[in-house]
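Here's the structure, in structure tokens; my notes come after.
The numbers here are math on the coordinates, done by the rules we state, and not lab data. Just so it is clear, the structure is predicted and the values come from calculations on it, not from any experiment. Don't worry about glycine lacking a Cβ; one is built from the backbone with ideal geometry, like all the others, and counts go over all protein chains shown.
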Amino acid sequence: MAAASYILTMNRDLFSDQDGRLSARVERLSGDALIRSEVSGIPVPNFTSPAFVEPPPLSEAVIAIVTTAGIHHVTDPGWNPGAAPALSRDALTHTSPHWRADESFCVLERTRRDYQLAHWSPNFDRTGFAADHNVVFPIDRLEDMATEGRIKGVSPIHIAFVGAQNSTMSTIRYDSGPAAAAMLRGVGVNLVLLTPV
């Protein structure tokens, strides 16, 4: 049985009881319905001329993972949910603990498997990730594909962002996103596997 959440819904019948007392109705919603009710009104940017690049055949692809799972190595400081975004491109591309803010990124090394999720909500279900990090960060599956010769190679670095962002994502769109892309291009990546979480 799916877990249910309760929300208080103020409605048109707010003062409908005969004694004039404030009334409200309580609805029982599934977790999915509750999330949908919370995020359905968030505006989504409309990109009038999105970029498109013809991908290489998989046999020629050097692949990096870009995830919004908020993953970082356990020795990294993680993200600061209350910090202002970093302001300079240089600040977005190194690994000191001073650069990481909500819209910054973390560089994940191919050879390490010491991952930690940076989600702050106690309601975020970490079960799949705890059982197998490949559920949200399929690095071992990419390694298998490279060993089998199905792809040319796996990037020495991968990129992680935190998925919960403000409505504009302007720092990711104009600063940290292009900086991350430049880092990946600089190590020979020609295809990205996006794992939105």
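Report the gain in length on full extension from Ala51 to Ala182: 0.36 nm times residue separation, minus Cα-Cα distance, nm rounded to one decimal. Don't skip to the end; give the middle numbers.
Working: separation 131, 0.36 × 131 = 47.16 nm, distance 1.55 nm.
Taking Ala51 through Ala182 to full extension adds about 45.6 nm, to one decimal.
Could you order peptides 58-70, 35-47 by the average number of other Cβ atoms within 10 Å of their residues, highest first? It would help to have the intermediate numbers written out before the result.
Working: 58-70: 19.8, 35-47: 8.7.
Listed from highest to lowest mean packing, they are 58-70, 35-47.
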